[in-house]
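Asker: One structure coming up, written as structure tokens, with questions to follow.
The values are calculated or read from the model by the stated rules, or taken from the named source; none is laboratory data. The structure displayed is predicted, hence computed values, not measured ones. Reconstructed Cβ throughout: ideal geometry from the backbone, glycine too, with neighbour counts over all protein chains shown. Each accessible area value is taken on the protein alone, full model and side chains, heavy atoms only, with ligands, DNA and RNA left out. Shrake-Rupley method; radii C 1.70, N 1.55, O 1.52, S 1.80 Å.
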Amino acid sequence: MNLPLSMQLLVSLLAGLLLGAIFFGGLWLTVKQLPKVSAPWLLFLGSALGRTLIILTGFWCVGIWLSESFRWQRTAVCLAGFIIARMMITRYTRSSTVPATGKSA
């Protein structure tokens, strides 16, 4: 599949945003559920392994799927999308759980 580089980078950015939302959103949901379960270590371990497997598979697909060339560029843009998603999830979860006092926790 040979797409123009700009389209490849756009798809990579969207994939990074999706992967970041899955990883950090899943982490947030896991942490919220920990006090409610009888074996929190098992929930945390299963969640960590599942999220990591999904993320590694996603980055691997972005790196090789679209074409033979521009692999590191696509991976770097995917990582940028992943980091942007992290900042967005962090901002969302912080604003919904911490009172606005101006001090960080």
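Asker: How about the stretch 12-26: which of its residues are over 8 Å from the mean Cα position of the chain (by Cα) and more than 10 Å from Gly81 (Cα to Cα)?
Answerer: The first filter runs over the stretch 12-26 and keeps only residues over 8 Å from the mean Cα position of the chain (by Cα), leaving 12-15, 26.
Result: Gly26, single match.
Asker: When residues of the stretch 39-64 are filtered for being over 17 Å from Leu17 (Cα atoms) and in contact (Cβ under 8 Å) with a residue 24 or more places away in the chain, how many remain?
Answerer: So the answer is 1.
Asker: Can you find, within the stretch 1-28, the residue that is most open to solvent (accessible area, probe 1.4 Å) among those that are in contact with a Ser or Thr (Cβ under 8 Å, 6 or more places away or on another chain) and free of Cβ contacts under 8 Å to residues at least 40 places away in the same chain?
Answerer: The residue in question is Leu27.
Asker: So, in the stretch 23-43, exactly how many residues are aliphatic (A, V, I, L, M) and touching a helix residue (DSSP H, G or I) at 6+ places or on another chain (Cβ under 6 Å)? Don't jump to the end; show me each part of the working.
Answerer: Going through the stretch 23-43, the residues aliphatic (A, V, I, L, M) turn out to be 27, 29, 31, 34, 37, 39, 42-43.
Add one more test, that the residue is touching a helix residue (DSSP H, G or I) at 6+ places or on another chain (Cβ under 6 Å), and what stays is 34, 37.
Result for the stretch 23-43: 2.
Asker: So in the stretch 77-105, with the set limited to residues that are open to solvent by 50 Å² or more (accessible area, probe 1.4 Å) and of a type in the set (Gly, Ala, Ser), which one is modelled with the highest pLDDT?
Answerer: Once the filter is applied, the top-ranked residue is Ser95.
Asker: Can you pull out the residues in the stretch 34-85 that are more than 17 Å from the chain's Cα centre (by Cα), of a type in the set (Gly, Ala, Ser) and either part of a helix (DSSP H, G or I) or farther than 19 Å from Met7 by Cβ (or both)?
Answerer: Ser38, Ala39
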